[in-house]
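To start, the structure under review is shown below, and the notes come after it.
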Amino acid sequence: MAKDVIIACDFKNAADTYAFLDNFTEEKPFVKIGMELFYAEGPQIVKEIKRRGHKIFLDLKLCDIPNTVEKAMRVLSSLDADIVNLHAFGSKAMMEAAIRGLTRPDGTRPLLIAVTILTSTDQDTLRNEMLIEKPLPETVMSYALNAKNAGLDGVVCSPLEAAKVHETCGEGFLTVTPGIRFPEGEKGDQKRVMSPKDAKEAGSDYIVVGRPITAASDPKAAYERCVREFLQ
């Protein structure tokens, strides 16, 4: 199974994004395009970054009634992203509809993964604001199993839960893990975090790294450090 470091390109516009990507003249890192950038620039930003040779995780976290998600995924399938995601709590029916929409006439489709519990959420938030009484790890595993049973390829989860997801859903079920920070770095708004090295040992398949790379004084060096610690 391929493993990789995905850079979260959470920039406000195309100009800032391209300026950042210009740091990488030889390697073409896997990048994540999230809601802020996609809503600012539209589908063209995906097409241009793909044209530049990067793999793309299109992180739009769809969640709506099954019919709406199916139609939206049909539109996204034409953008040639490598990974697309949605929220697992939207239901198994919604996830099944998403696969139908994402699958092209020739039978191909991007990888489809489901967000379990956001890494900015902790047990207190889950219980007191979302009114979910089950322990957070148990909720993550339930959502992951729903995603697997719906036919998805994997989940977005904290690296703290990656090993248990593999144990529950199988080694071939992908774990894409944000919440990655260097040990000496700030956590920011993340609550469930891990270093690249520890995420490797925990069984993460892909790590998503944003500010530790994009806000670094030397982004290329920060990216290469992530690659060394996670892949080598």
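The values are calculated or read from the model by the stated rules, or taken from the named source; none is laboratory data. Note that the coordinates shown come from a computational prediction; the quantities given were computed from them, not determined experimentally. Ideal geometry is used to build each Cβ from the backbone, glycine not excepted, and the neighbour counts take in all protein chains shown. The area values use the complete protein model at the heavy-atom level, side chains included, leaving out ligands, DNA and RNA. Shrake-Rupley method; radii C 1.70, N 1.55, O 1.52, S 1.80 Å.
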*Specify the inter-centroid distance of the range 93-114 and the range 118-185, based on alpha-carbon positions, in whole Å.*
21
_Accessible area expressed per residue, the chain, with surrounding protein chains retained (probe 1.4 Å, Å²)_ = 46
*asked:* I need the phi-derived Karplus couplings for the range 209-225: 6.51 cos²θ - 1.76 cosθ + 1.60, θ = phi - 60°, integer Hz, Gly and Pro marked x.
replied: 10, x, 4, x, 9, 5, 9, 6, 5, 10, x, 5, 5, 5, 4, 5, 5
*Whenever you get a sec, compute what percent of the accessible area on the chain sits on carbon and sulfur atoms (1.4 Å probe).*
51
*At most 14 other Cβ within 10 Å, DSSP loop - trypsin sites (Lys or Arg not before Pro), the range 139-232*: LYS187
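Calculated from DSSP H runs of 4 or more alone, at -39500 (n - 2.57) each and per residue, what is the 222 nm mean residue ellipticity of the chain, nearest 500?
Helix contribution divided over all residues of the chain: -12000 deg cm²/dmol.
Only four residue types carry charge here, +1 at the Cβ of Lys and Arg and -1 at the Cβ of Asp and Glu. Report the dipole size of the chain about the Cα centre in Debye, rounded to the nearest 20.
440
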*Return the loop-located GluC sites (Glu not before Pro) in the range 111-160 (DSSP other than H, G, I, E, B) with at most 10 other Cβ atoms within 10 Å of their own Cβ; answer none if there are none.*
GLU129, GLU133
*Quick one: Debye curve from the alpha-carbon atoms of the range 87-232 only, equal weights, vacuum; give me log10 I(q)/I(0) at q = 0.14, 0.18, 0.22 Å⁻¹ to two decimals.*
-0.71, -1.05, -1.29
